[in-house]
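Down below is the structure, laid out as structure tokens.
The values are calculated or read from the model by the stated rules, or taken from the named source; none is laboratory data. None of these values were measured; they are calculated from a predicted model. Here the Cβ is made from the backbone with ideal geometry for all residues, glycine too, and neighbour counts use every protein chain on show.
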């Protein structure tokens, strides 16, 4: 009797099941269509917000570029104050400037002039070599100053002119050039008999003496640079700072930033398909432009001044249009009145028959520079891409909805399996490995197995001290944010090298490779991960140090060996871990860096599986509670491996490994040249205490 009602229900259910995709797709398409229309109305707002965000990033990067010079000139002033009068002041100042130029490619000249008219200059030549010039003031009497002033105005075109200048200036100034040899030691190069220069008369020197801020920036100016007989004109700015010792002005130190390097910095920025970023002053003269050299050549053809290029003379319709729109918005339509201070400004204008957007904002007033950052791009660079993407998304979603219910049964079946894998591993394994497990769940073993894996263990030394030094007035969120940013960077590196996050304990990170998915090249992945972590951690700590924050040093240990893998938490608590001596040894290798003075310590078990490894042997280490030694190495760059310092270390180490009594003498000789090399110090102390050979036994953990 109930057969007919059941039949009707079955038919109704089948009809609903058939119509379900249509019933869902129709309202979904209507909603998406309405959303598309609404998004079209919001495109302008999105474009402005995106441009403002981009402009702020470029402004921040520009200010960081200038801050490197501010930090360095402050550091140089402190160094000069501490080393004035030292016998090796000149070479020391050269090495200081050479390091800074190695870090900051936009530094052109680094120099110091004293109250006696002496001058020390470190210069980057066009071929990227770095030389030093020293000007000695031999006579600073009133008579000599009058002769100096007269000589400065004399011509130098003919041989006779040059002979006159040379004869007059010789008793007053001696200008010597020095260049570094292959070992980095300064060697005399030549005398410049025609140089007439007094640092005390230069604007950077005069301004710094009376600056209320302790430092000063000059306006943009030009200077001549002679190299291999060719004279070139450089354009740039100078930051200078007085050197004060016991309340007395000793001199002024300064750094030159060439405008071409600022333009190179702008050229490397990615600003849409047709956008550009510029830096200019309050009078509309360019300071930086992605194509500055081309504009400079065009300006010379148009008989413009050599040192500055007016935006209105560039011939760039988009740039001149953006600048004109800015002046109109600031009600500066008439005359040549300079721009004043204003908040960030977004203006719209037309150029090349296309609508444009531009963002402008002045540099922070703390820099004492009347500079402005501008970013301009066609609206189509932003809105066009959004429109295309949204149209594609709309089409794709419609198709997906039509296909959705045809695959629903298969989807529901696999969803249960994939959810377990995703929840279990998403916080521990790199995203690409999670997706691999979802596609190949048969490759995942949870019952426990022995497998050879590689491990990277890190620890942050000094962060605990930083926490202890924080007083109650400091925002704890700032400290937490610093640590979180550091840990986020370290974990991203681990995932990028397809590692699995074993655990994070405080500021320590443990990463394993070849689990849960087997990796044939796990040692290579672990090694490249450790090297990138070291570079990131060092750079991050240095960036905070420049802000006055001693964040700490990261130690890293790398090892390879067989461990037990599995789920050790049972049914209710999932804890996929590796257990065994190999992972414990990786932790010991990390901690032993403290006693060795190194940052990276890698076992031979890992080294033996690498195709190409550069590094020096540390020793055969025996940890407390162990009888078997572990051969360990410190990874090095190719430049370090080819250096005289490493060759000297390896020669001394070879003697020590053979038990040669001359080993200690070799270490002492090397330490005289490189007193801060940690492994030279470590083995010298061992040998001086009566130890011998390369086997090192640690009595403490």
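Residues that are within 25 Å of residue 628 (Cβ to Cβ), in the same structural domain as residue 624 (by TED's automatic domain parsing) and more than 17 Å from the chain's Cα centre (by Cα) do not occur anywhere in region 536-550. Within region 93-126, being in a loop (DSSP other than H, G, I, E, B), under 23 Å from residue 230 (Cβ atoms) and either touching a helix residue (DSSP H, G or I) at 6+ places or on another chain (Cβ under 6 Å) or without any contact (Cβ under 8 Å) to a residue 24 or more places away in the chain (or both) holds for one residue alone: 106. Filtering region 669-681 to residues that are surrounded by 14 or more Cβ atoms within 10 Å (Cβ to Cβ) and either touching a strand residue (DSSP E or B) at 6+ places or on another chain (Cβ under 8 Å) or free of Cβ contacts under 8 Å to residues at least 12 places away in the same chain (or both) leaves only 679. Out of 267, 254, one residue alone is modelled with pLDDT of 90 or more and surrounded by 13 or more Cβ atoms within 10 Å (Cβ to Cβ). It is 254.
Residue-by-condition table, conditions (1) at pLDDT below 85; (2) outside any helix (DSSP H, G or I); (3) under 30 Å from residue 607 (Cβ atoms):
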{"residue": "473", "(1), (2), (3)": "yes, yes, no"}
{"residue": "490", "(1), (2), (3)": "no, no, yes"}
{"residue": "503", "(1), (2), (3)": "no, yes, yes"}
{"residue": "510", "(1), (2), (3)": "no, yes, yes"}
{"residue": "525", "(1), (2), (3)": "no, no, yes"}
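Go through region 310-327 residue by residue and tally those that are out of contact with any strand residue (DSSP E or B) (no Cβ under 7 Å at 6 or more places or on another chain) and surrounded by 12 or more Cβ atoms within 10 Å (Cβ to Cβ). Result for region 310-327: 8. The set of residues in region 544-564 being under 22 Å from residue 530 (Cα atoms) and in a strand (DSSP E or B) consists of 553, 554, 555, 556, 557, 558, 559, 560, 561, 562, 563. Residues in region 619-642 that are closer than 22 Å to residue 654 by Cβ and in a loop (DSSP other than H, G, I, E, B): 629, 636, 637, 642. If you check 80, 58, 135, which single one turns out to be over 19 Å from residue 217 (Cα atoms), touching a residue at least 40 places away in the same chain (Cβ under 8 Å), in a strand (DSSP E or B) and in contact with a strand residue (DSSP E or B) (Cβ under 8 Å, 6 or more places away or on another chain)? The unique qualifying residue is 135. Against the test of being assigned to a helix (DSSP H, G or I) and either out of contact with any helix residue (DSSP H, G or I) (no Cβ under 8 Å at 6 or more places or on another chain) or surrounded by fewer than 21 Cβ atoms within 10 Å (Cβ to Cβ) (or both), the options 666, 616, 686 yield a single qualifying residue, 686. Say we look at region 151-172 and pick out the residues that are touching a helix residue (DSSP H, G or I) at 6+ places or on another chain (Cβ under 8 Å) and surrounded by 11 or more Cβ atoms within 10 Å (Cβ to Cβ); which of these is modelled with the lowest pLDDT? Looking at the filtered set, the residue picked out is 156.
The requirement of being touching a helix residue (DSSP H, G or I) at 6+ places or on another chain (Cβ under 7 Å) and within 17 Å of residue 692 (Cα to Cα) is satisfied by residue 655.
Filtering region 283-294 to residues that are under 14 Å from residue 235 (Cα atoms) and modelled with pLDDT under 80 leaves 292, 293.
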